[in-house]
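Throughout, read-outs are computed from the coordinates displayed, never taken from laboratory work. Keep in mind the model is a prediction, meaning the values are calculated, not measured. Backbone-built Cβ (ideal geometry, glycine too); neighbour counts: all protein chains shown.
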Amino acid sequence: MRKHEKVREFDFRAQRDEPTSSSASEKPRDRRGADAARKGLDYMVQKHRHPVIDWNRMTDRQRQMKARAENLTAQIALDQHRENDRANKALFASVESVLAQLAGTPKAVEFFRMFSEAATLANAKRIANHPDCPDVVRDEIAQRIEKAGATRGHEGAASVAPGKSGNASGD
């Protein structure tokens, strides 16, 4: 039997879910129908399928359209990045006034504690050197530094406590 004859013999009633004598108890003969039922409509999951867009066979007009789409996507990303930067600058501009309001309150301790816990070790040292940083948080950062130094085997890394000057003049 040749390939063309198989196409002619295909029972289209099986596709419409009409029972036939041969297809009533069997799986659908159309393999695409079975794959679609099993895998859903996800075109790229099916085996032996080519990509939806063949990037190697694009015309000049299609390349121009692709370039415009990429430029638009890049512009959207830049706009969102700029907006995020503006929001961060607005937050940072008000940090000093917030610290002035929190000075001497338990919220100040919590504020500095949260920032120091989220910071890297180097940045935690810098936070401990901030003039408004409470002594409790400085001590916690010093313990963190000692702990990190002990785990690395560098006990001398915490020789100078954060917030304190290492020289004799006492900056």
Response to the item:
Per the 1/(1 + (r/R0)^6) rule, R0 = 22 Å and r from the Cβ atoms of Ala100 and Gln143, FRET efficiency to 0.05 is 0.20
Discussion item. So if I place +1 on the C-beta of Lys and Arg and -1 on the C-beta of Asp and Glu, and nothing else carries charge, what would the dipole magnitude of segment 56-101 be about its Cα centre? I want it in debye, nearest 20.
Written reply: 420
Item to complete: Which order do the peptides 123-135, 73-85 take when ranked by the mean count of other beta-carbon atoms within 10 Å per residue, highest first?
Response: 123-135, 73-85
Worksheet entry | Approximate spin-label separation Gln62-Ala77, in nm, with each point projected 7 Å along Cα-to-Cβ | 2.3
Practice prompt. With +1 on each Lys and Arg Cβ and -1 on each Asp and Glu Cβ, and nothing else charged, work out how big the dipole of segment 74-150 is about its Cα centre, in Debye to the nearest 20.
Written response: 120
